[in-house]
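Chemist: Before I ask anything, let me first share the structure, which is written out below as structure tokens.
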Amino acid sequence: MRVTTVLRVALRRISSRPFQTFSVVSVIAFSSGLAVALFLAASGLRLGLVNAVAPFDIAAGVRGSPYQLVLNTVFLQDVPAGNIPADAAQRLSDDSRVDLAIPVALGDTYAGLPVVGTTSAITDVKVKGVPWLRIKEGRFWDGAFEAVVGAKAAALTGLRPGDIFRTTHGSIGGEEHGTPFKVVGVCHSVHGPYDRAILVDIASVWAEHDHGGDGHESESGGEVTAMLIRPRSYADAYGLLASYQRDQSCQVVFPAQTAVRLFSIIGQGEEFLRAVVRSVAVCTLLTTILILYWSGASRRDERELLHILGVPHGALAAISWLEGTMLLSSGVALGWIIGRAGVAAAFGLLGNATAIEPTIPLSAGEISIPAALLAAGSIGAFFTALEHTSDRQP
Amino acid sequence: MTEIKGDAEKIPSIWQISGESPPRPLLEISSIRKDYRQPDGSNMTALRLGPLTAYPGEAISVTGPSGSGKTTLLRMLAAITKPTFGEIRFAGQDIARLGNAEAAWRAVSVGYIFQDINLLPDFSVLENLMLASEISHVPVKAAESRASSLLTRLGLDGRKDSRPAKLSIGERQRAAVARAVIHRPPMILADEPTASLDAENARVVIRMLTELCAERRALLIVATHDDAVRRALPRTVKIGSEAAL
């Protein structure tokens, strides 16, 4: 029997029973999709955290919780704990071990999105040698009360170059500042929390808060929430860390290290997720083999007929194996798409609601799930086919 | 336990009457027995059969009560199962020794009709015929021509594109006849082919089978417990408790 005939018979058996095929493929797709989604959720969350901290080697802020400092400055979350005095910020900027110092003033918002007062030095930040913050539309500010909008902030608010807006002190419901900002540019996505940010000249933030002596505890007269620092070398980074360990005016932290510590707490949850992924994968496999077994068992008369027509056992097994493997492949491929799409949608929502923008590149770990399911399922289908085509006595 | 007593050799054949030299036998069965192992480890004899010789063009009915081993005999003749003891020779070849060539031999040498499932449900009547031809290595052009001719003759011209589920039982069995003979095998085995049919359809199916086999000088062996079928075929082999020629 020719290979094309074997393939044709197997394909016809699949295509001529659309409901059965749809049911089987759906079961495999949803269960394998769940395994893929759980894996992506776990690794995507970690990757999102890593991406978020990548641009910032060192963060310096008021003494207190390093987690809060990192949440404030890197993830643009939570309420800032306080400000670094202007002289301390200046001292950090002037430190010979510092290559780049970016002041950050936080506390204001627009439409619930964080307004980040900073300087044009932020455009000098690079990740793996590539400029981190790039203008997609318009230009970077060169004057007071000009703003550049992050990619997601632009999408959420509809702000475009030329638009005017007023910032609010604190979160939504806070007091609106008097002087409007003019949008002069929109950034490319940085795939991180700063996509949700509206960047403005820090001097304008100071001017807003100095204006009329409104009594806010936020930035004024050179005070900053934090300094994001690029050291000249690793040695300088550790030197800075050591220098500021006993400094009362501010603390210096490595955001990556802090995020890792933070993630190790979450990591226990990730381990649980991975265990669930493995369990779901095994359940998917067993379900698939069971489906293939019963599907094959229901076709005993057809196999008997084909055998009596002169189809050898090997070809019969090949038809059953092909049928099973095609169903499995379709289900796993669909499951992969569902898993990826589901996680992308979930993380899209998560990214809008929070500061994390997990980008999920294809990884060996992700591929290993459908690959393992396919391999193990194919082996299962093979043994199922052998079981069904073994010589039976009448 | 079932057995057959006597065989065709006891009846004067047309060759003996005409004085012509008979053709070489197509089928030669020595005394055979088929045992199956029971779950408790003991053996159960499903069939015991005395010597039997059959010639090309003969039409034989095999009768006997249910469980007498009719299906087992046909399966052994088709080389699906092997006799526990004894030998079955087809055109001089011991079919128990076909080994890996068993399926290929069957594809060319045997046409088989079951009581019910005779067509693949996912294929149309014509596709079933073409698939059977393909398995038997009949060239496509020849298969198309034969299929067209057979379907017309069996009154299935308008049903060639129908799936088996859309056919009446009678149409299905006629399609089964076409499927069994399209590759022109020298031996047709039919296992209760009329069991599901009314008398008229049964008569049509047996008439078609005998005509088509006679035209190609194919040996036809029909397992049946239908007296009408037995009477329609010139030679009968009885197995089981009613064993007698």
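The values are calculated or read from the model by the stated rules, or taken from the named source; none is laboratory data. These numbers were taken from a predicted model, which means no experiment stands behind them. Counting neighbours? That spans all protein chains shown, and the Cβs are built from the backbone with ideal geometry, glycine included. Ligands, DNA and RNA are excluded from the accessible area calculation, which covers all protein heavy atoms including side chains. Shrake-Rupley method; radii C 1.70, N 1.55, O 1.52, S 1.80 Å.
Chemist: What does the structure give for B:80-90 when I average, per residue, the other chain Cβ atoms found within 10 Å of the residue Cβ?
Modeler: 1
Chemist: Given H placed on each backbone N at 1.01 Å, which residues far from A:Gln251 in sequence or on other chains put an amide H within less than 5 Å of it?
Modeler: A:Gly61, A:Val62, A:Arg63
Chemist: List the equivalent ellipsoid semi-axes of chain B in whole Å, largest first, each obtained as the square root of 5λ for an eigenvalue λ of the Cα gyration tensor.
Modeler: They are 29, 20, 19 Å, listed from largest to smallest.
Chemist: Applying 1/(1 + (r/R0)^6) with R0 = 56 Å to the Cβ-Cβ distance of A:Lys128 and A:Ser23, what FRET efficiency is obtained, to the nearest 0.05?
Modeler: 0.75
Chemist: Considering every residue in B:179-190, what mean count of other chain Cβ atoms within 10 Å of its Cβ is obtained?
Modeler: 1
Chemist: Once a ≥ b ≥ c are taken as the square roots of the eigenvalues of the Cα gyration tensor of segment B:80-132, is the result rounded (a/c under 1.5), prolate (a/b larger than b/c) or oblate (a/b not larger than b/c)?
Modeler: prolate
Chemist: Take every DSSP beta bridge whose two residues both sit in segment A:58-253, then give the antiparallel share in percent to the nearest 5.
Modeler: Close to 80 percent.
Chemist: Moving to a separate point now. Just to confirm the number: angle between the C-alpha axis of helix A:313-353 and the first principal axis of chain A, 0 to 90 degrees, nearest 10?
Modeler: 20
Chemist: Right, another one. Inverting the mean 1/r over all pairs of different Cα atoms, compute the Kirkwood radius of segment A:1-97 and quote it in Å.
Modeler: Value: 19.1 Å, from the Cα pair sum.
Chemist: Using the alpha-carbon atoms, what tilt in degrees (0 to 90, nearest 10) does helix A:3-15 show relative to the longest principal axis of chain A?
Modeler: 70
Chemist: In addition: Hey, can you grab everything whose amide H is under 5 Å from the amide H of B:Ile239? Only 5+ residues off in sequence or another chain; H modelled, so Pro and N-termini drop out.
Modeler: It is B:Thr63, B:Gly64, by chain and number.
Chemist: While we're on this one: Summing -39500 (n - 2.57) over the DSSP H runs of n ≥ 4 in the protein assembly as shown and dividing by its residue number, what mean residue ellipticity at 222 nm do you reach, to the nearest 500 deg cm²/dmol?
Modeler: -15000 deg cm²/dmol
Chemist: Right, another one. Which shape class, rounded, prolate or oblate, goes with segment A:58-253 when its Cα gyration tensor gives a ≥ b ≥ c as root eigenvalues, a/c under 1.5 marks rounded, and past that a/b bigger than b/c marks prolate?
Modeler: Taking the square roots of the gyration eigenvalues as a ≥ b ≥ c, segment A:58-253 is oblate.
Chemist: Kirkwood Rh over alpha-carbon pairs of chain A, then Stokes-Einstein at 4 °C and 1.567 mPa s: what D in µm² s⁻¹, rounded to an integer?
Modeler: Here the translational diffusion coefficient equals 53 µm²/s.
Chemist: Would you mind telling me which residue in B:Tyr55, B:Tyr36, B:Tyr112 has the biggest mean-square fluctuation in a Gaussian network model of chain B, where springs connect alpha carbons within a distance under 10 angstrom?
Modeler: Maximum among the listed residues: B:Tyr36.
Chemist: I've got another one for you. Which peptide among A:155-168, B:179-192 comes first, and what is the full order, when sorted by highest mean count of other Cβ atoms within 10 Å?
Modeler: Per-residue mean Cβ counts within 10 Å order the peptides as B:179-192, A:155-168.
Chemist: Could you work out the mean count of beta carbons from other protein chains within 10 Å of each residue's beta carbon in B:116-127?
Modeler: Counting Cβ atoms of other protein chains within 10 Å of each residue's Cβ and averaging gives 4.
Chemist: Right, next: Taking the DSSP beta bridges in the protein assembly as shown as the whole, what percent of them are antiparallel, to the nearest 5?
Modeler: 65
Chemist: Select from B:Ser66, B:Ser136, B:Ser124 the residue whose mean-square fluctuation is largest in a Gaussian network model of chain B (Cα-Cα springs shorter than 10 Å).
Modeler: B:Ser66
Chemist: For helix B:199-216, what angle does its Cα long axis make with the longest principal axis of chain B, in degrees from 0 to 90 and rounded to 10?
Modeler: So the helix axis and the longest Cα principal axis differ by about 80 degrees.
Chemist: Take B:Arg48, A:Arg246, A:Arg97, A:Arg303 and sort them by solvent-accessible surface of the protein heavy atoms, 1.4 Å probe, largest at the top.
Modeler: A:Arg246, B:Arg48, A:Arg97, A:Arg303
Chemist: In whole Å, what are the extents of segment A:268-344 along the principal axes defined by its C-alpha atoms, from largest to smallest?
Modeler: 58, 21, 18
Chemist: Skipping prolines and chain starts, which residues have an amide H placed within reach, meaning under 5 Å, of the one on B:Thr81, given they are 5 or more residues away or on another chain?
Modeler: Under 5 Å from the amide H of B:Thr81: B:Met76.
Chemist: Two-decimal Rg/Rh of segment B:126-245 from alpha-carbon positions, Kirkwood Rh?
Modeler: 0.99
Chemist: Also, quick follow-up: Would you mind telling me which residue in A:Val115, A:Val276, A:Val53 has the biggest mean-square fluctuation in a Gaussian network model of chain A, where springs connect alpha carbons within a distance under 10 angstrom?
Modeler: Among A:Val115, A:Val276, A:Val53, the largest mean-square fluctuation in the Gaussian network model of chain A belongs to A:Val276.
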